[in-house]
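Worksheet: one structure, shown below.
Here, each number is a calculation from the coordinates, and none is a lab measurement. For clarity, every value in this text was computed on a predicted model and none was experimentally measured. Reconstructed Cβ throughout: ideal geometry from the backbone, glycine too, with neighbour counts over all protein chains shown.
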Amino acid sequence: MTKSADRDRARFEFNRRQFLGYSAAAGLAAGWLGSSAGVFADEKTGVDEATWTPDYINSIAGTIDVDTKAECAKVVPLDYKGKLTYWYVGPNQASTQIDKDLDVAFWKAFKETYPNIEVTFQNLDYNQMLDKARTAALGNAAPMLAKFPILWSVEFSAKGMLMPFGPQDVGMSNDDFWPGAMKSVTYQDKLYGIPTNNETMALIWNAAIFKEAGLDPETPPATWDDLVVYSKQIKDKTGKNGFGMVARANAGNTPFRFMPQLWAYGGGVLDEADPHPEYKTININNAGSKAALQASYNMYVRDKSVPTSALTNTQTENEDPFVAGQLAMMISHPTEYAYMIDRAKKATGADKQIADQVVANMRYGLIPKGPARRAVVFGGSSLHVFDKSVVDGGNVDIGAVKALAAFYCGPEWSTKMAWVSSNPGNLRGFRTKWMKQRLEQIKFLNVTTSMLPYGIPYPVIPESSEIMNIIVPGMLQNALTQKMSVADAAEDAAKKISDVLNGI
Amino acid sequence: MAIATTQTAVSGLERRPPRRPSLFRRIKEHWADYLYILPAIGVMVLVIGYPVYYTIYLSFFKTPPSLSMDQKTFTGLDNYALILTSSSFRDTTINTAIWTFFSTLFAFVLGLGAALALNREFVGRGLIRGLLLIPYVISAVAASYVWRWLYHSDFGVIGAIAVALHLSDHPINFLDNVHTVLPSLIVVNIWKEFSFAMIMMLAGLQTVPDQLHRAAMVDGAGPWDRFWHITMPHLKGVTLVTVLLMLVANLNGFTIPWIMTGGGPAGASDIWITQVYQLAFGRIRFGPASAYSVILFIVMMVLGYFYVRALGGREEREE
């Protein structure tokens, strides 16, 4: 054996010892961490992670009736007269017809409920809204109310541009919403918004490739360690890539797929996975984080069971190999099923046959768990009220604001407005007839919905996007290119995060 | 001697160039002309002048990640020190130098070669010229996405052809390898840019007198001698201008590295301009990003100075 091969083997064995060590340390911490998270979910929301299964979600749908008008009337009288300005990211040309129809229906229904409230709204493009809101707020021309994707509001809260506002202001309770969602609208222990909708991802796999590799086609990997093993077995037996890793630099897709792994092993960036995070303790270099990074290293470097192009791939680059039957597993949204159907429709000849088979064999399951927990990034949107000092005209019609917030965040419209790709922010929405209808229409929705109790939002600090989109992918790439060892990459990331938090 | 002195004095007087009026005097004498260009100057001050001023101003401040600009603090030259002493600056500077130098060199050489080939009449010349212009007119974003798939480490066309021709037993890893990523991006940049050099040099070749070539042929000069001693001297001016423009364009060349690799893997394709973008819009650090921009601006101003001198030199020669 050559000297370089000896070195490689030694490095692999050293890394394997390290990996086992990290996993053991992570496992010791896991029991305390896992039980804490579970207790929090049980006590606060009445949602038990263990029972919030796809079958349970199906069983509770359609069990309550909701009278939106009556519920809104308790908050703001239906004859209230007022004016409201409102910005949101709504449907665009590329959106599904049902999204566009529901948007129209929403405004019609609001007008019928509050005929004397005049709403001037702007439906903005996702890529433009944040900059437009920043500019407007700086120029004292902000709307009274805005619906922001999760965590966009942090910088506005930090600058004192948002008014304290929460579920209590519209006759609801914090317990009506997911803990992860409430964390995302809390800044320095004050509430600055109400969640409208939340979504998470799930594990998607191709049952036919599983069968080809000698795995049970209907059973996904239960743990991240299992996923590493499955990925290798698929590569060894079929020659196809196992897991669609995403490790591109400066890309939001990367932390969305790596953070669930990091949290599952008991790691994290800060203490965002804790029930009451303070965002001061750095966890990127703890044993759990290193174990998670080691698992990714094992898949990419040791086993070569994931796409070589993972370092430059976003999730978009996983979709074509998946529909071509060349990729076995990936993590993504419920809308991925609709994308695959769309791609299969556009395929021709032999490609169409393959694509149709992939769609028929597509399965959704829970994201694997780790020694500490099962986790997923908590996505969604929330309503926020701008402070009158930055609002156009210098005045906020708080009655009109509460009316729209009560209407939108109630069970009916938080369900309807999340129809295609999300879930109601209001937990009561899961019990409505509209949720039942959605579950009947949208395949796999019950699976991604069942991931919600495990949702963890990114740290609610202004530095979050720098840490998540630059430092975390950088750490991953440093380890996977072997520019640094796993341990060094984690320590390097910890130093960078420390510098960021200290304003360096 | 007196006559000689007088003659010398007269000829000295004749030889001294007339004193150029001052800028203020020129504006005063031609005030109406300047009024015509005042709106354009106003727009330039607004969209170029003010952003340049504000960037330089911001480079001396530390800005908070929450973008509360009223909370920015004056830090003097700290941002410059931070950048120049950072561990990534050395690597990024080396990447930038390699990217700029080799992109410019090979795009120029390829463009010159194409221009020389197209400078003679042959059947299909117009069609070939049109085809060779395609890379230049295609949008850089579209080209980057297409090349990303051509280079794809798992399913790329280039890798598949290499496997089919038994040049490799597995797809080639172009973009996901820290050693091959920058040369791969440079190839894309050369492909995109050489047409510009081709057009510039083709225009320059029209100024080379044909009778010089014929005379040299009569004297027994071979193709290389004619090229080196006749063609290239005539192309000096346009060569300098073309190379300078390409250097500036490549220093600013953001699209290809950003879209194809995002500066990765592990910073192996990070250049100054992608670092500036990442600092400003990824890390929300407008102070250091502005300082980085000022450093880049200074380098380009130096290149711009030589460009203006080269242009001025051409105009004097033509006069």
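Among B:A164, B:L133, B:V276, which residue has its Cα positioned farthest towards the positive end of the charge dipole of chain B, with +1 placed on the Cβ of Lys and Arg, -1 on the Cβ of Asp and Glu, and the dipole taken about the Cα centre?
Checked the options; the winner is B:V276.
Calculate the mean, over all residues of peptide B:200-207, of how many other protein chain Cβ atoms lie within 10 angstrom of the residue's Cβ.
0
At 222 nm, what helix-only mean residue ellipticity would chain A give, in deg cm²/dmol to the nearest 500, using -39500 (n - 2.57) for each DSSP H run of four or more?
-14000 deg cm²/dmol
Given axes a ≥ b ≥ c from the Cα gyration tensor, I'd like to know whether chain B is rounded (a/c under 1.5), prolate (a/b larger than b/c) or oblate.
Because a/c hits 1.5 or more and a/b fails to exceed b/c, chain B counts as oblate.
Can you pull out the trypsin sites (Lys or Arg not before Pro) in the range B:47-140 whose DSSP state is coil and whose Cβ has at most 12 other Cβ atoms within 10 Å?
B:R120
Would you mind checking which residues have amide H under 5 Å from A:Q122's amide H? H placed 1.01 Å from N; only 5 or more apart, or other chain.
A:Y86, A:W87, A:Y88
Between the helical axis of A:126-138 and the dominant principal axis of chain A, each derived from Cα atoms, what acute angle in degrees is found, rounded to the nearest 10?
The angle comes out at about 50 degrees.
Under a 5 Å amide H to amide H cut-off, with H placed in plane at 1.01 Å, what residues pair with A:S332 once short-range neighbours are removed?
Amide H neighbours of A:S332: A:A202, A:I204.
Taking the mean number of other Cβ atoms within 10 Å as a proxy for protection, how do you rank A:286-295, B:28-37 from highest to lowest?
Result, highest mean first: A:286-295, B:28-37.
How high is the relative contact order of the range A:133-244? Use alpha-carbon pairs under 8 Å, at least six apart in sequence, and give a whole percent.
16 percent
Residue by residue through the range A:149-156, what is 3J(HN,Hα) from phi via Karplus (6.51 cos²θ - 1.76 cosθ + 1.60, θ = phi - 60°)? Round to whole Hz and write x for glycine and proline.
For the range A:149-156, the Karplus-derived couplings read x, 3, 6, 5, 6, 4, 5, 6 Hz, x marking Gly and Pro.
Exposure proxy check: A:S184, B:S269 ranked by fewest other beta carbons within 10 Å?
The order, fewest Cβ neighbours first, is B:S269, A:S184.
Enumerate the helices in chain B for which the Kyte-Doolittle hydropathy averages -1.0 or more and the C-alpha atoms extend at least 30 Å along the helix's axis, using complete DSSP H runs.
B:87-118, B:181-205, B:286-318
Looking at chain A only, what percent of DSSP beta bridges run antiparallel? Nearest 5 please.
60 percent
Applying a 10 Å radius around every beta-carbon, put A:300-306, B:195-201 in order of their mean neighbour count, most first.
Put in order of decreasing packing, that is B:195-201, A:300-306.
Which of B:F194, B:F286, B:L311 sits closest to the plus end of the dipole of the range B:161-319, meaning its Cα is farthest towards the positive end, when Lys and Arg get +1 and Asp and Glu get -1 on the C-beta?
B:F286
In nm, to one decimal, how far is the A:N140 label point from the B:M217 one, both placed 7 Å along Cα→Cβ?
Those two pseudo-labels are separated by 7.8 nm.
How big is the dipole moment of the range A:419-504 about its Cα centre under a simple scheme where the beta carbon of each Lys and Arg is +1, that of each Asp and Glu is -1, and everything else is neutral? Debye, nearest 20, please.
820 debye
Peptide A:302-311: average number of partner chain Cβ atoms within 10 Å per residue?
Across A:302-311, the average partner-chain Cβ count within 10 Å equals 5.
Taking +1 at the Cβ of each Lys and Arg and -1 at the Cβ of each Asp and Glu, which of A:V359, B:A215, A:G410 sits farthest along the dipole of the protein assembly as shown towards its positive end, judged by Cα position relative to the Cα centre?
Highest projection toward the positive end goes to B:A215.
Expressed as a rounded percentage, what relative contact order does chain A have, with Cα pairs under 8 Å and six or more residues apart?
27 percent
List the lysines whose Cα lies under 24 Å from the Cα of A:K433, skipping any in the same chain that are fewer than 8 positions away.
A:K69, A:K74, A:K100, A:K108, A:K111, A:K416, A:K443
How high is the relative contact order of chain B, in percent, counting Cα pairs under 8 Å that sit 6 or more residues apart?
The normalised contact order for chain B reaches 25 percent.
When A:T113, B:T92 are ordered from fewest to most other Cβ atoms inside 10 Å of their Cβ, what list results?
Ascending number of Cβ neighbours within 10 Å: A:T113, B:T92.
Would you mind working out the magnitude of the charge dipole of chain A relative to its Cα centre, with +1 at each Lys and Arg C-beta and -1 at each Asp and Glu C-beta, to the nearest 20 Debye?
With Lys and Arg at +1 and Asp and Glu at -1, about 860 debye.
Using only Cα atoms, locate the centre of the range B:182-215 and the centre of the range A:255-334, then give the distance between them in Å, rounded to an integer.
Rounded to whole Å, the Cα centres lie 47 Å apart.
Nothing charged except the Cβ atoms of Lys and Arg (+1) and of Asp and Glu (-1): what's the magnitude of the dipole of the range A:335-452 about its Cα centre? Round to the nearest 20 debye.
Rounded to the nearest 20 debye, it is 540 debye.
Evaluate peptide B:263-276: per residue, the Cβ atoms of other protein chains within 10 Å of its Cβ; return the mean as an integer.
For this peptide, the per-residue mean of nearby foreign Cβ atoms is 5.
Among A:W413, B:W258, rank each residue by its count of other Cβ atoms within 10 Å, from fewest to most, as a rough exposure measure.
Final ranking by Cβ density, sparse to dense: B:W258, A:W413.
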